[in-house]
Every structure is written in structure tokens, then in C-alpha cells.
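Data block below; observations after.
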Amino acid sequence: MGISASVACAVHCAVLPLLGSSLPIFGISIINNSSFEFFMILLAFAIGSLALIHGYRKHHRNLMPIFLFSAGMLLLFAKQIWHERQFLILPFAVIVIVAGHLHNFRLSRVAGAGTKKPKITSYKLFPISKT
């Protein structure tokens, strides 16, 4: 299994740059292509949602990571709509998306990610240490 994954990774790393650089030869441009960007945002939303829904169902039963992630994805859509302000919107979108995934990770760890039944435990999103 590990050898198969390594071979697949090597093929991916060798072929993807060649494929990406040859797209303009076939008349396909993905740079500044709004349709492609919307598609990638939707794909990222689908994959990210699956990860967060898994954490919600199996580990912690807390909707905050999903709300944070969804808010970040809405900011990504806003970046596409108000393209002239994308450099103002994009950092906030990324921060909120990462915060959603980090919150999901921490909640899953607190709840005991290896257990079948979720243990609901208190956890702060932004812990402040008293030293």
C-alpha cells in the first residue's frame, strides 16, 4: 500500500507540472478564469465540508467549525464577486477557514477522536494562557 502511494505521488509530481504548463497550447487558460475559480471554490467547499461534518458527527457535535468554515467560503465567493478588493478580502477568508479547521481539530482531540461515542467537553476557541 505504501509503495503504491509513493509511486502515485511520484507520477503526480512528474505529470502535473507538464499538464499544467501545456494547457495554453490547447487553448485552455486557468489564470484569471472566473469559471475555474468558482469551480475550485465549490470543490474546496465540498471537500472541506466532508471533513468538518465527519468531525461533527463522530467526535464533538459542535457546529462552530462548520459555521467558521462556511463564513470563510462565503468570503472567498465575495472575493470573486468584488474582484477589485480581493487582496483585502482574501486574508480574512483564509484566516476564518483555517480557524474552522483548527477548531474542528481541537474539538476532536478534546472529545477523544478514537472513541465511538463523542464526549462533550468544554474547550475555548482562542485559549488565553495565564503565565
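What nm distance separates the two modelled labels at CYS9 and PHE38, each placed 7 Å from Cα along Cα→Cβ?
Inter-label distance under the simple model: 3.6 nm.
With a cap of 16 neighbouring Cβ atoms within 10 Å, and only residues DSSP puts in a loop, list the trypsin sites (Lys or Arg not before Pro) found in region 1-102.
Loop-located and lightly packed - ARG61.
Find which of VAL11, ALA93, TYR56 sits farthest along the positive direction of the dipole of region 1-123, computed with +1 on the beta-carbon of Lys and Arg, -1 on that of Asp and Glu, about the Cα centre.
Going by the charge dipole, the pick is TYR56.
Are there chymotrypsin sites (Phe, Trp or Tyr not before Pro) in region 48-90 that DSSP marks as loop and that have at most 13 other Cβ atoms within 10 Å, and which are they?
Loop-located and lightly packed - TRP82.
Bear in mind that the values in this text are calculations on the coordinates, not laboratory data. Quick caveat, the model's predicted, so the values are computed rather than measured. Here Cβ is always computed from backbone atoms with ideal geometry, including for glycine, and neighbour counts include all displayed protein chains.
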